[in-house]
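Working notes for the structure below.
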Amino acid sequence: MFAFDDYIDSRRDRFIADLKDFVRQPSVAATGHGMAQMAALVRARLQALGARVQTVETGGAPILFAELGHGPRTLLIYNHYDVQPPDPIDLWTTPPFEPEVRDGKLYARGVSDNKGDLLGRIQAIEAWQNAIGELPLKIKWVIEGEEEIGSPHLAEFARAHAAELQADGCLWETGGKNEDDLFSLTLGLKGIQYVELRVRGNRRDLHSGYAAIAPSPVWRLIWALNTLKDEHDNITIDQYLDHVRAPSEAELAMLRAMPLDEAKKKAALGIDRFINDEHGLDVLTRFYYGPTVTICGLQAGYTGEGVKTVLPAYAFAKIDFRLVPDLTPELCVKLLRAHLDRRGFTDVEIVPLSSEQPARSAVDAPLVAACQAAAREVYGHEPVMIPLSPGSGPMYPLTTALHIPTVMAGVTYSGSRAHAPDENIRLDDYFEGLRFIGRLIMHFAEA
């Protein structure tokens with residue numbers, strides 16, 4: 001791989017300039033700002049590699065589907081070209097779409113999520129083609145423009161193109177180095193079901209004196225919420241935990257091998273203890289394999305300064321359910337409805353807002369072994385293996401539903417500040433990421 005590495009090193013300045021061009025172009029899915037221009041920029045870069053690129057219209061931002069290379073193995077790659085809104089602008093040190101290098105880091109909106117990963121993979125393939133020759137495998141590349149708004153059209157695209165998408169493994173977007181600066185590989189994502197629970201009572205707010213005889217929607221909501229978990233943080237929704245698949249022995253082995261500095265982790269989270277004062281493997285198992293029920297927000301009545309005596313007519317709570325295999329969004333809502341109805345809370349309305357299925361890959365897939373081998377060569381240590389990310393994303397329809405093993409690997413680090421002002425990546429990490437892609441291509445083609 002000497003020629004590959006030398007090609008990258010000799011073009012470092014040009015590669016950084018190209019990355020600046022990528023992040024200089026706004027592509028905010030929430031507002032549509034710059035989306036068409038960014039899609040065209042990505043398409044041109046793919047075509048420069050010799051890729052055959054389809055622009056698939058969705059009714060929203062188009063999905064780009066590219067194919068290039070030849071070989072017995074096929075690698076599916078997923079990225080997105082949209083970014084989060086840059087607000088609040090006044091908290092940026094420099095303007096979000098005017099990239100700047102400071103102290104070895106490139107600052108710009110979208111550089112860590114996800115344009116650094118996207119262009120780094122493009123540049124790595126360019127380096128392979130020019131330094132080594134033809135790709136030894138086939139690459140299929142899905143690049144969407146709606147990830148930051150929930151990927152509303154990706155599942156439909158995956159169903160319609162299932163035959164074209166078949167592959168031996170999928171390299172997912174995002175990933176990088178953890179809080180200990182160790183490179184990590186992640187093999188799946190938790191799912192999510194986000195809902196509002198709404199309770200309506202009297203037709204209008206009443207004087208609080210009527211609370212003696214008029215039911216309170218706020219209390220109804222609190223009583224309903226109180227049935228979802230107990231004081232030990234156990235989920236108490238009827239039959240809910242019956243659908244939670246336990247981690248396999250191979251997955252538990254990954255957890256046992258995972259470093260956990262409990263004091264450092266608690267300090268980073270700003271907490272004094274973990275739930276139930278758990279330690280070690282129990283903490284990791286709960287974090288990576290435990291479903292959650294989280295009250296994200298509550299609203300009812302008067303919350304301003306001073307006093308207002310009122311019996312509110314309406315109350316609601318926003319709740320997210322993080323789902324692990326074999327819980328699904330549909331099952332979550334069904335079990336929640338039945339649970340509330342059995343306890344007389346038929347007046348509590350459930351309004352589903354957004355959802356993602358959990359996605360899980362086999363730990364012994366050839367792609368996993370190829371990523372581990374590539375990581376050892378580039379980073380000089382065994383990668384930290386994370387079997388299931390506690391976050392969520394649109395992985396299921398492109399991978400698990402199509403029986404394609406998946407690994408998340410990227411160029412971010414714990415201080416990348418994705419979605420926040422002063423988003424950044426370290427340029428040394430970026431170029432290590434290019435070397436990782438080159439070695440992944442080599443090892444996966446040989447697997």
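The values are calculated or read from the model by the stated rules, or taken from the named source; none is laboratory data. Every value quoted in this text rests on a predicted model; they were computed, and no experiment measured them. Here the Cβ is made from the backbone with ideal geometry for all residues, glycine too, and neighbour counts use every protein chain on show.
Assorted remarks:
- Conditions (1) surrounded by fewer than 16 Cβ atoms within 10 Å (Cβ to Cβ); (2) more than 22 Å from the chain's Cα centre (by Cα): number failed by Tyr314: (1)
- Of all the listed residues (Ala338, Ala359, Ala373), the sole one being of a type in the set (A, V, I, L, M), touching a residue at least 24 places away in the same chain (Cβ under 8 Å) and crowded, with 23+ Cβ neighbours inside 10 Å is Ala359.
- Within segment 210-265, the set of residues being within 30 Å of Ser414 (Cβ to Cβ), under 25 Å from the mean Cα position of the chain (by Cα) and not in a helix (DSSP H, G or I) comprises Asp233, Ile235, Val244, Arg245, Ala246, Pro247, Ser248, Met258, Pro259, Leu260, Asp261.
- Considering (1) charged (D, E, K, R); (2) in the same structural domain as Gly150 (by TED's automatic domain parsing); (3) on the phi < 0 side of the Ramachandran plot, the lone condition that Asp422 does not fulfil carries the number (3).
- Condition met for Glu179 (over 29 Å from Ala445 (Cβ atoms) and either assigned by TED's automatic domain parsing to the domain that holds Phe345 or among the aromatic types (Phe, Trp, Tyr) (or both)): no
- Segment 3-28: number of residues that are farther than 13 Å from Gln123 by Cα, surrounded by fewer than 20 Cβ atoms within 10 Å (Cβ to Cβ) and either aliphatic (A, V, I, L, M) or not assigned by TED's automatic domain parsing to the domain that holds Pro85 (or both): 1
- Within segment 162-188, the set of residues being within 16 Å of Tyr396 (Cα to Cα) and of a type in the set (Ser, Thr, Tyr) comprises Thr174, Thr186.
- Qualifying residue in segment 85-105 (condition: hydrophobic (A, V, I, L, M, F, W, C), under 23 Å from the mean Cα position of the chain (by Cα) and under 18 Å from Leu434 (Cα atoms)): no
- Within segment 5-39, the only residue that satisfies the criterion of being hydroxyl-bearing (Ser, Thr, Tyr), farther than 19 Å from Pro86 by Cβ and touching a residue at least 12 places away in the same chain (Cβ under 8 Å) is Tyr7.
- Matching residues in segment 45-73 - criterion: being outside any loop (DSSP other than H, G, I, E, B), of a type in the set (Lys, Arg) and touching a strand residue (DSSP E or B) at 6+ places or on another chain (Cβ under 9 Å): Arg52
- Pairs, first closer than 18 Å to Met38 by Cβ in segment 71-94, second exposed (fewer than 13 other Cβ atoms within 10 Å of the Cβ), C-beta under 8 Å, six or more apart: Pro85/Thr31
- Scanning segment 25-58 for residues that are of a type outside the set (A, V, I, L, M) and within 23 Å of the chain's Cα centre (by Cα) gives Gln25, Pro26, Ser27, Thr31, Gly32, His33, Gly34, Thr58.
- Cβ separations smaller than 7 Å between residues 6+ apart or across chains give no pair from segment 149-163 residues that are free of Cβ contacts under 8 Å to residues at least 24 places away in the same chain and under 10 Å from Gly60 (Cβ atoms) to residues that are among the aromatic types (Phe, Trp, Tyr) and surrounded by fewer than 17 Cβ atoms within 10 Å (Cβ to Cβ).
- Within segment 309-401, strands (runs of 3 or more DSSP E) holding 2 or more residues that are at pLDDT 95 or above and touching a Pro at 6+ places or on another chain (Cβ under 9 Å): 314-323
- Checking each residue in segment 380-416 for being hydroxyl-bearing (Ser, Thr, Tyr), touching an Asp or Glu at 6+ places or on another chain (Cβ under 7 Å) and closer than 19 Å to Arg286 by Cα picks out only Ser392.
- All positions within segment 382-427 that are out of contact with any Phe, Trp or Tyr (no Cβ under 8 Å at 6 or more places or on another chain) and more than 26 Å from Pro85 (Cα to Cα): Glu382, Met385, Thr400, Ala401, Leu402, His403, Ile404, Pro405
- Taking the conditions (1) over 30 Å from Ala317 (Cβ atoms); (2) surrounded by fewer than 13 Cβ atoms within 10 Å (Cβ to Cβ) in turn, His207 satisfies each one other than (1).
- Qualifying positions in segment 1-17 - in contact with a Lys or Arg (Cβ under 8 Å, 6 or more places away or on another chain) and not aliphatic (A, V, I, L, M): Phe4, Asp5
- Residue in segment 263-276 that is surrounded by the fewest Cβ atoms within 10 Å (Cβ to Cβ), counting only those that are at pLDDT 95 or above, within 15 Å of Arg286 (Cα to Cα) and not polar (S, T, N, Q): Arg273
- Which listed residue, of Gly280, Gly290, Gly301, is within 19 Å of Gly188 (Cβ to Cβ) and either touching a residue at least 12 places away in the same chain (Cβ under 8 Å) or more than 24 Å from the chain's Cα centre (by Cα) (or both): Gly290
- Residue identified as under 18 Å from Val42 (Cα atoms), in a strand (DSSP E or B) and either touching a Lys or Arg at 6+ places or on another chain (Cβ under 6 Å) or assigned by TED's automatic domain parsing to the domain that holds Met442 (or both) among Leu119, Leu106, Leu76: Leu76
- Entry remark, segment 68-107: residues being small (Gly, Ala, Ser) and more than 21 Å from Gly175 (Cα to Cα) number 2 in total.
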